[in-house]
Each structure stands twice: as structure tokens, then as C-alpha cells.
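**Q** Encoded as C-alpha cells, here's the structure I'll be asking about.
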Amino acid sequence: LLSPAAGKSLAETLKAHPSVYLRVLNLGGNSLLSTGAGSLAEALGSVTNLQTLNLEGNGIDDNGAKALAKGLGVSESLTTLNLANNEIGSQGAEAFVGALTLRSFRARLIDLSKNKIAGAEAIRLEKAARPVLKIR
């Protein structure tokens, strides 16, 4: 299992080699936690070809979701982000609602199923996303 430190190392490598041809990065089922996800989020603006990032089941909470939402705003290529089966709650959902308003936002599918987003936040996120992308 990849740890938060491994996520940071991978992010540093991606930043050092921004033109690497990497379209899909599947890191599902690891232990990156929010620290590792935050490191990867910082690299999203550097990697010019990444289209799909799978971070399903990594123990990512609201802090990691906030970092990823910010990273989506600067990524020119990422269209699919899988964050299913994490620990994301209302603050993380709110960060994605904010990211949807950015002109640079290019994602078309974000999977937030099996997280801790419920009630009013889930409805608000769905309404904000409706014209732009599909949220699960």
C-alpha cells in the first residue's frame, strides 16, 4: 500500500517531469490519506496529459478534498476524478461546489459515492454540478 510519503514522492516526480505522457493514474485502494492526496493535488497543474485520476478508498477526508478541488481548478487535462469510498464530508463537498465556478474547471466526472456527504450538501453539490459534470 502506498503511504502519504509515497504520494508526496510521486507528486514531486510528476512536477519534475511535467511532459510525461501519463493519461491514467490508478492509485485506488492505497493509504495516501489527505496528505498524499494534497501532494498529488499540487502536481495536477504541472502534468499536462493526465485525464483520469483514481483515488478511490484512500482515507481522504475534507482537507484532501479541498486540496483536490483546488488542483482541479488549475489542471488543464483532468476530466475524471474518482474519490469514491473515502471520508469526504460537507466541507469537502463545499470545496467542489466552489471549484465548479472556476472558468478553468475541466472535469466532467467526479465520483464522490460512498463518502460522508449527505443532506443539504449533497443536494447543493448536485445542483451546482448539473450543468457542468456528472457527480456520483
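The values are calculated or read from the model by the stated rules, or taken from the named source; none is laboratory data. Predicted, not measured: the structure shown is a model, and the values here were computed from it. Cβ coordinates were reconstructed from backbone atoms using ideal geometry, including for glycine residues, and neighbour counts include every protein chain displayed. The accessibility values were calculated without ligands, DNA or RNA, using every heavy atom of the protein model including side chains. Shrake-Rupley method; radii C 1.70, N 1.55, O 1.52, S 1.80 Å.
**Q** Going residue by residue through the range 42-59, is there one that turns out to be touching a residue at least 24 places away in the same chain (Cβ under 8 Å), of a type outside the set (S, T, Y) and under 17 Å from L125 (Cβ atoms)?
**A** Scanning the range 42-59, I find no residue that is touching a residue at least 24 places away in the same chain (Cβ under 8 Å), of a type outside the set (S, T, Y) and under 17 Å from L125 (Cβ atoms), so the answer is no.
**Q** Can you tell me which residue in the range 112-125 is least open to solvent (accessible area, probe 1.4 Å), limited to those that are more than 13 Å from G92 (Cα to Cα) and outside any loop (DSSP other than H, G, I, E, B)?
**A** In this case the residue turns out to be G119.
**Q** Same structure, new question: So which residues in the range 59-81 are at pLDDT 95 or above and more than 15 Å from E42 (Cβ to Cβ)?
**A** Within the range 59-81, G59, D61, D62 qualify.
**Q** For the range 59-87, name all the residues that are outside any helix (DSSP H, G or I), closer than 16 Å to K8 by Cα and either open to solvent by less than 10 Å² (accessible area, probe 1.4 Å) or among the aliphatic types (A, V, I, L, M) (or both).
**A** I60
**Q** Tell me which residues, restricted to the range 1-58, are assigned to a helix (DSSP H, G or I) and open to solvent by 40 Å² or more (accessible area, probe 1.4 Å).
**A** Hits for the range 1-58 are A5, K8, S9, L10, E12, T13, K15, A16, L33, T35, E42.
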